[in-house]
Amino acid sequence: MIPYGRQLISDDDIEAVEAVLRSDYLTQGPVVPRFEAAVAALVGAAQAVAVNSATSALHVACLALDLGPGDLLWTSPVTFVASANCGRYCGADVDFVDIDPQTFNICPDALQARLEAAARAGRLPKVIVAVHMCGQSPDMARIARLARTHGVRLIEDASHSIGADYRGAPVGNCAHSDITVFSFHPVKIITSAEGGMALTNDAELGARMARLRSHGITRDKDLMTHAPDGPWYYQQLELGWNYRMTEMQAALGLSQMERLDAFIARRRDLARRYDAMLADLPLRVPWRMPGAQSSWHLYVIRLDDPTRHRATFEALRAGGIGVNLHYIPVHLQPYYRRLGFGPGDFPAAEDYYARAISIPLHAGLTDDDQATVVAALSGALAA
Ligand SMILES: *Cc1c(COP(=O)(O)O)cnc(C)c1O
């Protein structure tokens, strides 16, 4: 099976993890801060907080923005469930804004209309999670203007997007958001096995997220309610979690960063080749935003004829092509249906779901693998 995505591990990666295993610290040592500093420097953000998954990063991001019961979080229906679940973890209500069918990202026109209606109704969201679907940035400048106008806080779910650019600057610099989140799951651009990171330029948000990942505990005497009882002293200031990243995970992530540019270059090269190889098939290849560069986490094709969708998908899987579908619209999941959502709520997301197939794209994919994928796809569509 040619997988749609997979990690690429080198001997250097293995040595970096082994070195940690032979060192004094398996957790709460020097490597996590090194990984944080490296990612912050790479993207140009003031602060980075490493956690054990992007899901945890989204959770502490929402908590740091004071999202809670009675509040509202909006996101795109075409995303992994974690982009919405983070609101539910905080006891907030979740709603969705439909996608732009061209970009697969939250539609700025729909967002503007919904925000204006919500402002009139007195039910604005506290937080919007803007997802970088497939590694391509949403129109963050416009979304940030809308959020500012209505006093809404903004999180970028850039789980797909380390290494991407938007308007000539790295995604993750938080120029248009309060917090940006990356994932280091093995199918993403670089991996720490499990792992995620929250970036921000706001020192207070950064300190709060760092505290929330470790039980809400501080050793900073300036934050304590009274002078420390002694050198052993710490205080739990609020309810936090154990969302810490291990030293082994950070070592793997840090070592993978050495090859981030090469990984992205290969993904871009493969995407360009797919564009050309698929040009004559009855499908649409991904759109590219002018002035931005995708990290190409996913290469999603959309079939012209949705009635051929399932048979095409099945034929590819049967032919050893590990295609996937990103994503089942979140509002159609049983959990969200129980909250009142259902078919017809977000038509563009549902039309996308009826046509989309993620075909293999990862840094370890060879030209031969790619030719095999294209031949299988041509055959399936001709059948
Ligand atoms: C992968 C992913 C997540 C969750 O990442 P984990 O690190 O597995 O928790 C969240 N949002 C999106 C868009 C993702 O693709």
TODO: Mind telling me which of the residues Leu199, Leu254 ends up being within 21 Å of the chain's Cα centre (by Cα) and within 15 Å of the ligand (Cβ to nearest atom)?
DONE: Leu199
Task: Selection within the stretch 162-194 - open to solvent by less than 30 Å² (accessible area, probe 1.4 Å), in contact with a Lys or Arg (Cβ under 9 Å, 6 or more places away or on another chain), more than 8 Å from the ligand (Cβ to nearest atom) and on the phi < 0 side of the Ramachandran plot - done: Ile162, Ser177, Ile179, Phe182, Ile189, Ile190
TODO: Answer yes if at least one residue in the stretch 149-156 is within 13 Å of the ligand (Cβ to nearest atom) and assigned to a loop (DSSP other than H, G, I, E, B), and no otherwise.
DONE: no
- [ ] Mind checking which helices (runs of 4 or more DSSP H) fall wholly inside the stretch 233-323 and carry at least 3 residues that are open to solvent by less than 50 Å² (accessible area, probe 1.4 Å) and in the same structural domain as Leu63 (by TED's automatic domain parsing)?
- [x] 247-257
Open item on the list: Pairs please, first residue from the stretch 160-176 and without any contact (Cβ under 8 Å) to a residue 40 or more places away in the chain, second anywhere and within 16 Å of the ligand (Cβ to nearest atom), Cβ atoms under 6 Å, 6+ apart in sequence or on different chains.
Closed with: His176/Met140
Open item on the list: So in the stretch 324-355, with the set limited to residues that are outside any helix (DSSP H, G or I) and free of Cβ contacts under 8 Å to residues at least 60 places away in the same chain, which one is nearest to Pro186 (Cα to Cα)?
Closed with: Leu325
Open item on the list: If I filter the stretch 6-23 for residues that are open to solvent by 30 Å² or more (accessible area, probe 1.4 Å), within 16 Å of the ligand (Cβ to nearest atom) and basic (Lys, Arg), do I get at least one hit?
Closed with: yes
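The values are calculated or read from the model by the stated rules, or taken from the named source; none is laboratory data. Model, not experiment: these values are computed from the prediction. Cβ atoms come from the backbone with ideal geometry, glycine included; neighbour counts cover every protein chain shown. Calculation scope for accessible area: heavy atoms of the full protein, side chains included, ligands and nucleic acids excluded. Shrake-Rupley method; radii C 1.70, N 1.55, O 1.52, S 1.80 Å.
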